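The values are calculated or read from the model by the stated rules, or taken from the named source; none is laboratory data. This structure is a prediction, so every number in the text was calculated from the model and none was measured. Here the Cβ positions follow ideal geometry from the backbone for every residue, glycine too, while neighbour counts run over all protein chains shown. SASA here: full protein model, heavy atoms, side chains in, ligands and nucleic acids out. Shrake-Rupley method; radii C 1.70, N 1.55, O 1.52, S 1.80 Å.
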Amino acid sequence: MTAAENMALDDALLELKGKGRSPNTVHFLQFAPRSVLVGFHQSVSEEIRTGYCREKGIEINRRITGGGAIFFDESQIGWEVICDKQFFNQSFVTDKLFSILCEPVVTALDMLGVRACFRPRNDIEINGRKISGTGGTESEGAFLFHGSLLTDFDVDTMLKSLKIPVEKLRDKEIDSVKERVTCLKWELGYTPTPEEIKTAICRGFERHLKIKLVAGGLTDDEKLLFQKKLPYYQSRSWIDQVKPQYHKREAFQGIYKCSAGLIRLTLVVNLLKQRLKDIYITGDFLSFPSSALFDLESQLRGMRLDREHIKQEICQFFDQGKIRIPGMTAVDFIKPLELAFEQISITKSGIPLEHCN
């Protein structure tokens, strides 16, 4: 369905489940045409390259759940669980709940011939590469928990659709960004059919949740509420619901070269709210285990823009033995971080970003 149709149906299923007028459901969804979705609290203008999306016929919409912007091409499969809170004996979403609801998909991937694992807080990965990101929301007595499964992924279009700071990343670094995701086709050498994927996921949920799933369409109540909600999810008032006037995100880089290699840190920051929105750590060094660098990025993402606090987190990560890099220590990572923060401090004098960099 279209992005608006998928979002309207999510809202309808969750609302009716919350009122006890809909059965517990595992729901699969696909998008046609291709779509980009911002999280509930995000601004389209900040997260999406709208001109590129219009030119390529990529729809833009907003999720009813939080989190970051994502790209859905026609091949990807979304999976959702809409159920009573009492089913899990929990009144709010916890890290444990993310694990409980990701493990069935990990099992499904194993059935398809792919060895995956859950990585806190809410991702499913293969050797450090994300294949499924998850999120959720709630309504009265119900949870909606969802994930996207990358099947045959167009990573170049994703990079051009979302405002990832690719202009500041060189070719090797763009390859490094690509290495953070994977899909079934890359792992298996072919793409299983949608029915094979859905069957495996259903079996995974049946096994882990000790349930029996029965195929079925929408109830009359669900159809009516879906049609009632659809115009709103097609409207600009929904899509452009978040329109910050002075909410900026900027990218700063620090580069450091030592005998063991080069380290480049790209910090995407919200200067107004003083938050580190994203971080990319790239370079030509060797790290063990290979996925540890992604873990460090994940740990730093979303932190307050406090130089000493971020330095402390990096040092602690190394001190705890979570990463090993021959010839490098935490100090080598602190140096490009300091350079990036020096650039951030220059902006306080009113100097344009391009000159700071």
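Figures for the structure shown
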| item | result |
| --- | --- |
| Search result, residues across region 1-50 that are at pLDDT below 95 and of a type in the set (Phe, Trp, Tyr) | Phe40 |
| Any hit, region 16-30, residues being within 25 Å of Ser237 (Cβ to Cβ), touching a Gly at 6+ places or on another chain (Cβ under 9 Å) and free of Cβ contacts under 8 Å to residues at least 60 places away in the same chain | yes |
| Residue identified as modelled with pLDDT of 85 or more, farther than 30 Å from Thr25 by Cα and open to solvent by less than 50 Å² (accessible area, probe 1.4 Å) among Leu230, Leu293, Leu276, Leu262 | Leu276 |
| Subset of region 332-345 (residues that are β-branched (Val, Ile, Thr) and either over 15 Å from Arg264 (Cβ atoms) or open to solvent by less than 10 Å² (accessible area, probe 1.4 Å) (or both)) | Ile344 |
| Those residues of region 296-331 which are part of a helix (DSSP H, G or I), touching a strand residue (DSSP E or B) at 6+ places or on another chain (Cβ under 9 Å) and surrounded by fewer than 18 Cβ atoms within 10 Å (Cβ to Cβ), in sequence order | Glu297, Ser298 |
| Pairs with Cβ under 8 Å, 6+ apart, first in region 304-327 and over 14 Å from Ala292 (Cα atoms), second of a type in the set (Lys, Arg) | Arg304/Arg275; Leu305/Arg275 |
| Whichever residue in region 21-38 is touching a strand residue (DSSP E or B) at 6+ places or on another chain (Cβ under 8 Å) and among the small types (Gly, Ala, Ser) and, among such residues, is surrounded by the most Cβ atoms within 10 Å (Cβ to Cβ) | Ser35 |
| Cβ-Cβ under 9 Å pairs, at least 6 apart or on other chains, region 95-106 side within 19 Å of Lys212 (Cα to Cα), far side assigned to a helix (DSSP H, G or I) and aliphatic (A, V, I, L, M) | Ile100/Leu209; Leu101/Leu209; Pro104/Ile201; Pro104/Leu209; Val105/Ala200; Val105/Ile201 |
| Of residues in region 107-134 being in contact with a helix residue (DSSP H, G or I) (Cβ under 9 Å, 6 or more places away or on another chain) and among the small types (Gly, Ala, Ser), the one surrounded by the most Cβ atoms within 10 Å (Cβ to Cβ) | Ala108 |
| From the options Thr157, Thr137, residue that is open to solvent by less than 20 Å² (accessible area, probe 1.4 Å), of a type in the set (Ser, Thr, Tyr) and touching a residue at least 12 places away in the same chain (Cβ under 8 Å) | Thr157 |
| Filter result (open to solvent by less than 40 Å² (accessible area, probe 1.4 Å) and of a type in the set (A, V, I, L, M, F, W, C)) within region 182-197 | Cys183, Leu184, Ile197 |
| All helices (runs of 4 or more DSSP H) inside region 146-196 with 3 or more residues being modelled with pLDDT of 85 or more | 155-161, 184-188 |
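For (1) of a type in the set (A, V, I, L, M, F, W, C); (2) open to solvent by 10 Å² or more (accessible area, probe 1.4 Å); (3) out of contact with any Phe, Trp or Tyr (no Cβ under 6 Å at 6 or more places or on another chain), each residue gets a yes or a no:
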position	(1), (2), (3)
Glu15	no, yes, yes
Gln42	no, yes, yes
Cys53	yes, no, yes
Glu59	no, yes, yes
Ile70	yes, yes, yes
Gln86	no, yes, yes
